[in-house]
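Please treat every number below as a calculation from the coordinates, not as lab data. What you are looking at is a predicted structure, and each value in this text was computed from that prediction instead of being measured. In this analysis, Cβ positions are derived from the backbone assuming ideal geometry, glycine residues included, and neighbour counts consider all displayed protein chains.
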Ligand SMILES: [Zn+2]
């Protein structure tokens, strides 16, 4: 039996390349492992609030750092961006965990990617996402979005 080159996403049915781990359209996991998917679903907002309440945020970030290191050790080249809204400035501030060589080129591009990521975060909260509705009707060209961003600040 030959393995299929494409497999459909369980969430949105988009065919994805068989070696991908995340759907290229909806970002859901392409894993069909029941235990994993149940575990992921249990990590909801309620779980997050309990972690914050019990002051275990540092432990979760430590475990993310370990997961990134593990991916590096098996030959993947992970970059984990994670951002939090600063209460004082009300602005998204991103941090990154990676084991890429800290060359001038890497630092230059990571810096730009971090800025782009912070931009995405600011857009995500100001424009409500409405999944499963038809696209195109409320499409705003990227140029105008950037223009909006400039007038906001
Ligand atoms: Zn999908």
Here, residue 95 and residue 72, labelled 7 Å along Cα→Cβ, have an inter-label distance in nm of 1.5 nm
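Sorted from fewest to most neighbouring beta carbons within 10 Å, what does the list 25, 96 look like? Before the final figure, lay out each step's value.
Details: 25 13, 96 16.
Ranking 25, 96 by Cβ neighbours within 10 Å, fewest first, gives 25, 96.
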For the stretch 77-127, shape from the Cα gyration tensor axes a ≥ b ≥ c, cut at a/c of 1.5 then a/b versus b/c, turns out prolate
When only C-alpha pairs under 8 Å and at least 6 residues apart count, what is the relative contact order of the stretch 1-119, in percent? 12 percent
On the formula 1/(1 + (r/R0)^6), with r taken between the Cβ atoms of residue 5 and residue 36 and R0 of 22 Å, the FRET efficiency rounded to 0.05 is 0.45
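Note the full-extension length gain between residue 26 and residue 50 as 0.36 nm times their separation in residues minus their Cα-Cα distance, in nm to one decimal.
Gain in length upon complete extension: 5.9 nm.
Please work out whether the stretch 46-116 counts as rounded, prolate or oblate from its C-alpha gyration tensor, where a ≥ b ≥ c are the square roots of the eigenvalues and a/c under 1.5 means rounded, while otherwise a/b larger than b/c means prolate and anything else oblate?
Details: a/c = 3.28, a/b = 1.30, b/c = 2.53.
Because a/c hits 1.5 or more and a/b fails to exceed b/c, the stretch 46-116 counts as oblate.
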